[in-house]
Amino acid sequence: MADENDNERMDDNQKSDKMFTLKKWNAVAMWSWDVECDTCAICRVQVMDACLRCQAESKKDSYGKQDCVVVWGECNHSFHYCCMSLWVKQNNRCPLCQQEWSIQRMGK
Amino acid sequence: MSDTTNRRPNFSNVPQNGINRNVNVLSIKPTTAKKLVIKNLKSEPKLPEDYIEQTWKKLKSAVLAIQQAKPNEYQLEELYQAVENLCNHKMAPILYQKLHNLTEQHVAQNIEQFLAESMDRYLFLKKMNNTWLAHCNQMIMVRSIFLYLDRTYILQNHVSSIWDMGLELFGKYILLNALVQTRVVEGLLMLIEKERQGDQVDRSLLKSLLRMLTDLQIYRKAFEHKFLQATERLYAAEGQRLMQELEVPDYLTHVDKRIAEENERVLHYLDPGTKYQLIHTVEKQLLREHVSQILQKGLDQLLTEFRLNDLNLLYDLLSRVKNGLAQLCSSFNAYIKKRGRTIVIDPEKDKTMVQELLDFKDAMDNVVSTCFHKNERFSNSLKEAFEHFINQRTNKPAELIAKFVDSKLRAGNKEATEEELERLLDKIMVLFRFIHGKDVFEAFYKKDLAKRLLVGKSASVDAEKSMLSKLKQECGGGFTSKLEGMFKDMELSKDINQAFKQHTTVNSRDLPQIEMTVSILTMGYWPTYQPMEVTLPDQMVRLQDVFKEFYLSKHSGRKLQWQPTLGHCVLKASFRTGLKELVVSLFQTLVLLLFNDSNELTFEYIKEVTNIEDGELRRTLQSLACGKARVLVKIPKGRDIQDDDHFRFNSDFTNKLFRIKINQIQMKETTEEQKATEERVFQDRQYQIDAAIVRIMKMRKTLSHNLLISELYIQLKFPVKPPDLKKRIESLIDRDYMERDKDNPNQYNYVA
């Protein structure tokens, strides 16, 4: 299969006078949460890492982090979702700006 | 009979039946008995008057005949009877006394011959032996004649038996005579010494005479002590001499031979009771006195030359000596530390360090298991020594072990089968266990793993996973969670790429015909890379944007940062000689693509258009124009890239292969990279030190400097120097986490 494809493309290339043609590209990209401040103000852990609670639990399961996503409020402040969901039970305001807390979007 | 026949009909009438039987029994007994009366003799029978004299004469002549080895004129039976008669007539004491005198005379006579001056020692011994054997034979015969005496009178009266009497007299006259005794003992010692010097001697003579001494109960007193002294002298001198003359292995062989000889000596002629002291003396003089010298002089050589048999012998011999093994063990330990240090400490040997360590470990393990009987003390000491010397050089061994693993896990490493690789990894883990600063290993391992995964150079996923599980087992999940995250990222990337492929075929917005795959890395799992902006050709930018849009639509709240240093591509290249496929780094791609528009370009131009960082670009150009596969021609020629260099497309490029890999530079570690990784580890360590200090101070509230330092050493798992700790404490004081006590400058207070 692959060889056939190669041959076809080779024919294409011979027609063109280009010396080099890009055939395959393996790019690398790093993702991180699109946040203004990279530490969670509630647990003081970087939002890219799991929050303190999840870290403690995920000692048994090293992939525990997946579930520890980030949440953005309307005020554009961001926290660990786990941290914020505990926070709002006591005080439904953003810990940073005291605005009424409502979720703008969740990390996925 | 009638009884039994009657019993059945009268079964119910038991008493009557019994009476009947009694009557029957009585009737059988005789009714009358005759009396037998024994009366005294009227006159006592008497022995003839001269019976004693006559009988003794007989016996005396018999004993003399025996002593002179002449034929006996009387029947033995008759003589025996005579002895019995005399004993029965209470003549035993007289008889015993007479026999005693007779024997004494004979033995006393015998002594004469041994007092003569200047007799050859050997002849003397021979003669002594003959006399002794004759004496024994005589006494046996005498005893058989006087057996009755031996059995009755002697048993009842606690005097020495005839045999013992013979021995006592023999001892008294012949051997308790100082001159004779010395001559015998010295003769014996001379013979033994002769044998020790390697001569053949008459062992049966020795045995017989030593038996004589034992029988006379003077073995211990007269012989053993002198013998042991002579032994001690001999071997003390021999030990001193041979330690100087011989190489240690030869010396050991000699000692082993000596011990075997002495054991044989005990077996053949010495009294078994001497064995312990004799062997002990030999061991003491040949071994114990020289243990430290043997170890000092020979152990290193034996270990270096890996002479297993000699080592085994050494172990066996030293295990005979008190504290011998302890000394061997500590010398062994010292050797490993010394030798190990030379492997570890020299930066020149960094390239081969890990392999040498593995070989060294193998060799020493082998020594412990084959030569040292798997003695636990030695294997523990071995571990301790390795741990000690490997940490003599901080950080570098950890780094090199990580790199060694990388070289083994990389694709193209075809030297090992899977099982061999697995075994090798196990061995590496043993070394890893000794390392104190495991964070250094982690950092370098992670950096290399990242490259293997991203550039697609990992030899086998199984081997990678196996190594990971080993690390996890060793250091726990915390250590490996990020490494595992990296593998997870690679798998997720595969899914995303598949989805992206589908996405592009459905919405084919006349995208460039480039097969694009993207590795999406989670920040935090992977090593941090310097962000680098480069200018990509339009079609690549477009593709990149499409992917980004696609990815962010799937994952909200994320941002992507492209990492051009790690990208790699496959280029089709048409040379005059034909088509080739080049596997190249992204940077190499960017440079090569420029040559589609122009045949010759300047360094400055390439730099301006691609926007690749200066050093990186120089390396890239070097790999293309000065490496093995020269796709470009550098003008002028030379290894280093200068600012005013020109580059031309090498249309005459030839290569046997169709697919040519030129992206090795991506796998290669640059010095900056190495420095950066090291730097990051040190940075992390500072945070850990800070955290540990604050943790301790928070718990203790106040603490003296020394106590704080010692607690820190317990908590911190990597090597640190006290000045570094001091710096961190200063820094924390500056940042108001703690303060120096106002009255006592050596004390700190926690500041809440």
Beyond 27 Å (Cα-Cα) in this structure, taken from B:Lys408/B:Lys607; B:Lys57/B:Lys207; A:Lys24/B:Lys396; B:Lys361/B:Lys472; B:Lys701/B:Lys727; B:Lys221/B:Lys284, we find B:Lys408/B:Lys607; B:Lys57/B:Lys207; A:Lys24/B:Lys396
Return the long-range amide H neighbours of B:Ala459 (sequence gap of 5 or more, or a different chain), with a cut-off of under 5 Å between placed amide H atoms.
B:Arg410, B:Ala411
Using each residue's phi in segment B:108-114, evaluate 6.51 cos²θ - 1.76 cosθ + 1.60 at θ = phi - 60° and report the 3J(HN,Hα) Karplus result to the nearest Hz, with x for Gly and Pro.
4, 4, 4, 5, 3, 5, 8
Reachable lysines from B:Lys42, criterion Cα separation under 27 angstrom, eight or more residues apart if same chain
B:Lys34, B:Lys90
The relative contact order of chain B, taking Cα pairs under 8 Å that sit 6 or more residues apart, comes to a percentage of 6 percent
Between B:Gln113 and B:Thr152, what FRET efficiency comes out of the Förster formula 1/(1 + (r/R0)^6) with R0 = 41 Å and r the beta carbon distance, rounded to 0.05?
0.70
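Percent relative contact order of segment B:50-176, based on C-alpha pairs within less than 8 angstrom and at least six residues apart? Display every interim value, and only then the final one.
On the way: 73 pairs, mean separation 42.5, N = 127.
Result for segment B:50-176 is 33 percent.
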Quick calc: nm separation of the 7 Å Cα→Cβ label points for B:Arg433 and B:Val159 -> 7.9 nm
With label points built 7 Å along Cα→Cβ from the Cα atoms of B:Thr394 and A:Lys24, find their separation and express it in nm.
4.5 nm
Net length gained if the chain between B:Arg740 and B:Lys194 were fully extended (0.36 nm per residue, minus Cα distance):
188.3 nm
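Around A:Asn92, what is the net charge, scoring Lys/Arg as +1 and Asp/Glu as -1 over all other residues with Cβ under 13 Å from its Cβ?
Numbers: positive: A:Lys89, A:Arg93; negative: A:Glu74, A:Glu100.
Result for the neighbourhood of A:Asn92: 0.
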With each label point set 7 Å from Cα along the Cα-Cβ vector, what nm distance links A:Ile103 and B:Ile709?
5.3 nm
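Mean 1/r over all different Cα pairs, inverted: what Kirkwood radius does segment B:490-554 give, in Å?
On the way: mean 1/r = 0.0758 Å⁻¹.
This gives a value of 13.2 Å.
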Classify segment A:66-107 as rounded, prolate or oblate, taking a ≥ b ≥ c as the square roots of the eigenvalues of its Cα gyration tensor: rounded when a/c is under 1.5, otherwise prolate if a/b is larger than b/c and oblate if not.
oblate
Residue-averaged beta-carbon neighbours from other chains (10 angstrom radius) around B:518-529
4
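Calculate for chain B the 222 nm mean residue ellipticity that helices alone would give, adding -39,500 (n - 2.57) per DSSP H run of length 4 or more and normalising by residue count, nearest 500 deg cm²/dmol.
On the way: 33 runs with 476 residues, N = 752.
Calculated at 222 nm, the ellipticity per residue is -20500 deg cm²/dmol.
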On a 0 to 90 degree scale, rounded to 10, what angle separates helix B:324-345 from the longest Cα axis of chain B?
20 degrees
Segment B:48-110 and segment B:304-322 have their Cα centres apart by a whole-number Å value of 65 Å
Can you give the angle from 0 to 90° between the axis of helix B:438-454 and the longest principal axis of chain B, with both taken from C-alpha atoms, to the nearest 10?
50 degrees
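What is the sum of charges, Lys and Arg at +1 and Asp and Glu at -1, for the other residues whose Cβ falls under 11 Å from the Cβ of B:Phe170? Intermediate values should be presented prior to the final figure.
Numbers: positive: B:Lys172; negative: B:Glu104, B:Asp164, B:Glu168, B:Asp215.
Counting the neighbours of B:Phe170, the net charge comes to -3.
Averaged over B:570-577, how many beta carbons belonging to a partner chain fall within 10 Å of each residue's beta carbon?
Working: counts 6, 7, 13, 5, 9, 1, 0, 0.
Rounded to a whole number, the mean comes out at 5.
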Report P(r) for chain B: all Cα-Cα distances, bin width 20 Å, range 0 to the bin holding the largest distance, values in whole percent.
11, 23, 19, 14, 13, 11, 6, 2, 0
Out of residues 5 or more away from B:Gly437 or on other chains, whose amide H comes under 5 Å of its own, with H placed 1.01 Å from N in the peptide plane?
B:Asn395
On average, how many beta carbons from a partner chain sit within 10 Å of the beta carbon of a residue in B:356-364?
0
If you line up the long axis of helix B:308-318 against the longest principal axis of chain B, both from Cα atoms, how many degrees apart are they, to the nearest 10?
50 degrees
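Evaluate E = 1/(1 + (r/R0)^6) for B:Lys383 and B:Thr253, where r is the Cβ-Cβ distance and R0 equals 25 Å; express this FRET efficiency to the nearest 0.05. Walk me through the numbers on the way to the answer.
Values: r = 31 Å, r/R0 = 1.24.
Efficiency at R0 = 25 Å is approximately 0.20.
Over segment B:683-734, what relative contact order in percent results from Cα pairs under 8 Å that are six or more residues apart?
Working: 21 pairs, mean separation 25.2, N = 52.
Relative contact order comes out at 48 percent.
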Taking the alpha-carbon centre of each part, the distance from segment B:273-290 to segment B:612-683 in Å is 72 Å
Correct semi-axes for segment B:131-265, from √(5λ) of the alpha-carbon gyration tensor and rounded to whole Å with the largest first, are 41, 14, 13
Counting only residues 5 or more apart in sequence or on a different chain, those whose built amide H sits under 5 Å from that of B:Cys569 are A:Asn26, B:Val584, B:Ser585, B:Leu586
Give the whole-number value, in cubic angstrom per residue, of the convex hull volume spanned by the C-alpha atoms of segment B:516-576.
121 Å³
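Could you work out the equivalent-ellipsoid semi-axes for segment B:283-401, taking the square root of 5 times each eigenvalue of the Cα gyration tensor, largest first, in whole Å? Before the final figure, lay out each step's value.
Details: eigenvalues 163, 33, 30 Å².
Semi-axis lengths for segment B:283-401 are 29, 13, 12 Å.
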Under the Karplus curve 6.51 cos²θ - 1.76 cosθ + 1.60, θ = phi - 60°, whole-Hz ³J(HN,Hα) for segment B:222-229, x wherever Gly or Pro sits:
8, 9, 4, 4, 5, 4, 5, 5
Give me the tail of P(r) for the protein assembly as shown as a percent: Cα-Cα pairs with distance above 36 Å.
71 percent
In this structure, among A:Lys108/B:Lys446; B:Lys427/B:Lys721; B:Lys403/B:Lys668, pairs with alpha-carbon gaps over 19 Å are A:Lys108/B:Lys446; B:Lys427/B:Lys721
Sort B:153-163, B:175-185 for me by packing, meaning the mean count of neighbouring Cβ atoms within 10 Å per residue, highest on top.
B:175-185, B:153-163
Taking r as the C-beta separation of B:Glu49 and B:Leu176 and R0 as 30 Å, the FRET efficiency to the nearest 0.05 is 0.15
What are the ³J(HN,Hα) values, in whole Hz, obtained from phi via the Karplus relation 6.51 cos²θ - 1.76 cosθ + 1.60 with θ = phi - 60°, for each residue of segment B:379-396 in sequence order, with x given for Gly and Pro?
5, 5, 5, 4, 5, 4, 5, 4, 4, 5, 6, 5, 8, 5, 10, 6, 6, 4
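Stretch B:Arg241-B:Glu376 to full length: gain in nm at 0.36 nm per residue minus the Cα-Cα span? Show your work: numbers first, answer last.
Working: separation 135, 0.36 × 135 = 48.60 nm, distance 3.48 nm.
The B:Arg241-B:Glu376 span can extend by a further 45.1 nm.
Coordinate-derived values only; no laboratory data. Treat the numbers as computed from the prediction; the structure is a model and nothing was measured. Positions of Cβ are generated from backbone atoms using ideal geometry, with glycine treated the same way; all protein chains shown enter the neighbour counts.
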